[in-house]
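Chemist: I am attaching a structure below and will ask some questions about it afterwards.
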Amino acid sequence: MVKDLLIILIGSSLVSNVVLSQFLGLCPFLGVSKKTKTASGMGIAVIFVITLASLVAGVIYKYILIPCNITYLQTIVFILVIAALVQFVEMFLKKYIPSLYESLGVYLPLITTNCAVLGVALTNVQKNYGIIEGVVNGFATAVGFTISIVILAGIREKMEYNDVPESFKGMPIVLVTAGLMAIAFCGFSGLL
Amino acid sequence: MNSAKERLINGLIKENPTFVLMLGMCPTLAVTTSAMNGLGMGLTTMVVLALSNAFISLLRNIIPDKVRIPAFIVIIASFVTMVELLLEGFIPSLYDALGIYIPLIVVNCIILGRAEAYASKNGVIASLFDGIGMGLGFSFALTCIGAVRELIGAGTLFGYKVMPESYVPSTIFIMAPGAFFVLALLTAVQNKIKIAGEKRGKDMSKIQSGCGSDCMNCKDMGCAQRMIKEEEEGKANG
């Protein structure tokens, strides 16, 4: 059991990295990676939301959708649950943990439309993960996201001083960087 | 029928969702490993886009303004589920190739963007053709990107061998990094056109430099917000 969980942990965070090999959550990956500080803030918010969302989605799938035999409604149910969950987390943090809200608050609305959250919930179902495995998978995926966004932000901070050809300024050079990072992450495939 | 034709051309060329507006980049990168997959994804998205546009336009006077986004998402998700079940039943090979990216059409910002910007304000027929036009533009773009990646990465086109025997395919192009490189070149070309156009004093504000460029500013609705603003500005100007 522990071994299985460890394999999921490494597999989802490094080997099949959510951004660099599955292209989920590309918008925040490219948009919020200008500074390492904001990037790590976004990363922590994503870890928080995805772990929570995969727990809630797993529970709903197992105890509501399967007993009622309506598993084909999973996409609709998951997206509504995730949207409601993010709203709820935002309200909860604002009221009870204002210090945490101040550091994560700006990132939360960005996560609602993040396809990585829905992607993880759907992958958990597709791979027949139980609730615990699902939560571990969600956590690992989010950690993978955080690792890659922080690395990209670090590279972008250094790159500000470089002389980039005019047409490649802005998005193109960031995409080239992401491509090179993806090559590097291909190296992890020998890990499992 | 004039407006229908205008909507088709608008989606296909003038406001091509991929090449001009740079929307829906996640599926664009993920499924374009071959021209066939790109075409399949594009057509699937087109069906969902056209149907949800028509349906949302039909209900535009019934849905209260405050809950319109959740209502739109439920409508879109229902159509995606239908299309997913149909694909699973009738074209299982495509269903397997696209995998998790079919349900993820729900969060594709093109669809919610068109619902907000066009379908919720215009008639059923016009919205239907707007959806078809945008969908065709998306399919065209995905097929092109898929064809380039397949040609360089595997030496084939739609599964047929076209490159000579001596050509050694650089597999990296059909793997994940290749997708980033192809998109990087695409945005670089776009930048070049934009810069050249601005030098000649043309209005190039329509051409966007990717979802990612200002995600911090388009808070709760992601990229869809930007499309709305554009549409409104367009109305104010014209």
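The values are calculated or read from the model by the stated rules, or taken from the named source; none is laboratory data. Because the structure is a prediction, the values reported are computed rather than measured. Here Cβ is always computed from backbone atoms with ideal geometry, including for glycine, and neighbour counts include all displayed protein chains. Only protein heavy atoms, including side chains, enter the accessible area calculation; ligands, DNA and RNA are left aside. Shrake-Rupley method; radii C 1.70, N 1.55, O 1.52, S 1.80 Å.
Chemist: Could you pull out every residue, at least 5 positions away or on a different chain, whose amide H is within less than 5 Å of the one on residue B:157? Hs are placed 1.01 Å off N in the peptide plane, and Pro or chain starts have none.
Modeler: So residue B:157 has HN proximity to B:162.
Chemist: Just tell me how shielded A:162-175 is by partners: mean number of partner chain Cβ atoms within 10 Å of each residue's Cβ, no decimals.
Modeler: Mean shielding count: 6.
Chemist: If you don't mind, another one. Residues in region B:25-55 near a label at residue A:155, defined as backbone nitrogen under 19 Å from the 7 Å Cα→Cβ point?
Modeler: B:26, B:29-30
Chemist: Moving on to the next point. Excluding ligands, DNA and RNA, what is the solvent-accessible area per residue of the protein assembly as shown at a probe of 1.4 Å, expressed in Å²?
Modeler: 46
Chemist: Short version: what are the Cα gyration tensor semi-axes of region A:84-191, square root of 5 times each eigenvalue, largest first, in whole Å?
Modeler: Semi-axes from the Cα gyration tensor: 30, 23, 12 Å.
Chemist: Moving on to the next point. Hey, if you put +1 on the Cβ of every Lys and Arg and -1 on every Asp and Glu Cβ in chain A, which of A:22, A:48, A:99 ends up farthest toward the positive end of that dipole?
Modeler: A:99
Chemist: Next question. Please compute, for peptide A:68-80, the average count of beta-carbon atoms on other protein chains lying within 10 Å of each residue's beta-carbon.
Modeler: Mean shielding by partner chains, rounded to a whole number: 4.
Chemist: Put +1 on the Cβ of each Lys and Arg and -1 on the Cβ of each Asp and Glu in chain A; which of A:1, A:184, A:174 then has its Cα farthest toward the positive end of the dipole?
Modeler: A:1
Chemist: What is the gain in length, in nm to one decimal, between residue A:103 and residue A:88 on full extension, counting 0.36 nm per residue of separation less the C-alpha to C-alpha distance?
Modeler: Values: separation 15, 0.36 × 15 = 5.40 nm, distance 1.67 nm.
The span from residue A:103 to residue A:88 would gain 3.7 nm if fully extended.
Chemist: Give me a comma-separated list of calculated 3J(HN,Hα) values for region A:48-60, in order, Karplus coefficients 6.51, -1.76, 1.60 applied at θ = phi - 60°, integers in Hz, x for any Gly or Pro.
Modeler: 3J(HN,Hα) across region A:48-60, in whole Hz: 4, 5, 5, 4, 5, 5, 6, 5, 5, 4, x, 5, 5.
Chemist: How well do other chains shield peptide A:30-36, expressed as the mean number of their Cβ atoms within 10 Å of each residue Cβ?
Modeler: Mean shielding by partner chains, rounded to a whole number: 3.
Chemist: Are there any residues in region A:91-124 with a reduction of at least 30 Å² in accessible surface when going from the isolated chain to the assembly of protein chains? Probe 1.4 Å, please list them by number.
Modeler: Going by heavy-atom accessible area, the residues of region A:91-124 that drop by at least 30 Å² are A:106, A:109, A:110, A:113, A:115, A:118, A:122.
Chemist: Calculate one ³J(HN,Hα) per residue across region B:52-59 by plugging θ = phi - 60° into the Karplus curve 6.51 cos²θ - 1.76 cosθ + 1.60, and present them in order as whole Hz with x for glycine and proline.
Modeler: Values per residue, Gly and Pro as x: 5, 4, 4, 5, 5, 5, 5, 9 Hz.
Chemist: Would you kindly state how much longer the chain becomes between residue A:166 and residue A:62 on full extension, computed as 0.36 nm times their sequence separation minus their alpha carbon distance, in nm to one decimal?
Modeler: Extra length from residue A:166 to residue A:62 when fully extended: 32.1 nm.
Chemist: Would you pull out the residues with amide H under 5 Å of residue B:23's amide H, same chain only if 5 or more places away, H placed 1.01 Å from N?
Modeler: Counting only residues 5 or more places away or on other chains, the set is B:18.
Chemist: Please report the carbon-and-sulfur percent of the accessible area for region B:76-142; probe 1.4 Å, protein heavy atoms only, DNA, RNA and ligands left out.
Modeler: The value for region B:76-142 is 73 percent carbon and sulfur by accessible area.
Chemist: Something else: If packing is taken as the average count of other Cβ atoms within 10 Å, what order do B:187-195, B:122-130, B:143-151, A:155-163 fall into, highest mean first?
Modeler: Ranked from most to least packed, the peptides come out as B:143-151, B:122-130, B:187-195, A:155-163.
Chemist: Dividing the Cα convex hull volume of chain A by residue count, how many Å³ per residue is that?
Modeler: Enclosed volume per residue, from the Cα hull, is 127 Å³.
Chemist: Set the Förster distance to 30 Å, then compute FRET efficiency between residue B:200 and residue B:4 from the Cβ-Cβ distance, nearest 0.05. Please list the in-between numbers first.
Modeler: Details: r = 32 Å, r/R0 = 1.08.
The computed FRET efficiency comes out at 0.40.
Chemist: Let me ask something else. Quick one: accessible surface of residue B:158, probe radius 1.4 Å, all protein chains present, in square angstrom to the nearest 10.
Modeler: Here the residue's solvent-accessible area equals roughly 90 Å².
Chemist: For residue B:90 paired with residue A:1, estimate the spin-label separation in nm (one decimal), with each label point 7 Å from Cα along the Cα-to-Cβ line.
Modeler: 4.6
Chemist: Take the cross-link list A:34/A:95; A:34/A:94; A:158/B:199; A:3/A:158; A:34/B:5 and give me the ones stretching past 32 Å between alpha-carbons.
Modeler: Pairs exceeding 32 Å: A:3/A:158; A:34/B:5.
Chemist: Select from region B:101-116 all residues whose loss of accessible area on going from the chain by itself to the full protein assembly reaches 50 Å² or more (probe 1.4 Å).
Modeler: B:104, B:107
Chemist: Follow-up question, since we're still on this one. Please give the total accessible area that chains A and B bury against each other, computed with a 1.4 Å probe and expressed in Å² to the nearest 100.
Modeler: Buried area between the two chains comes out at roughly 3600 Å².
Chemist: Of A:12, A:164, A:72, which is farthest towards the positive pole of chain A's charge dipole, taken about the Cα centre with +1 and -1 on the beta-carbons of Lys, Arg and Asp, Glu respectively?
Modeler: Sorting the options by dipole projection puts first A:72.
Chemist: Could you report the accessible area of residue A:48 in Å², rounded to 10, computed with a 1.4 Å probe on the protein chains as they sit in the structure?
Modeler: Solvent-accessible area, nearest 10 Å²: 80 Å².
Chemist: Also: Stretched out fully, how many nm does the piece from residue A:35 to residue A:69 gain, at 0.36 nm a residue minus the Cα gap? Write down the numbers at each step before the final one.
Modeler: Values: separation 34, 0.36 × 34 = 12.24 nm, distance 4.65 nm.
Working it through step by step, the gained length comes to 7.6 nm.
Chemist: Keeping all protein chains in position, work out how much accessible area residue B:186 exposes to a 1.4 Å probe, and write it in Å² to the nearest 10.
Modeler: Counting only protein heavy atoms, the figure is 40 Å².
Chemist: Okay, next question. Could you give the Stokes-Einstein D for the protein assembly as shown in µm² per second, using the C-alpha Kirkwood radius, 37 °C, 0.692 mPa s? Don't jump to the answer; show the numbers that get you there.
Modeler: Details: Rh = 22.2 Å.
Roughly 148 µm²/s, to the nearest whole number.
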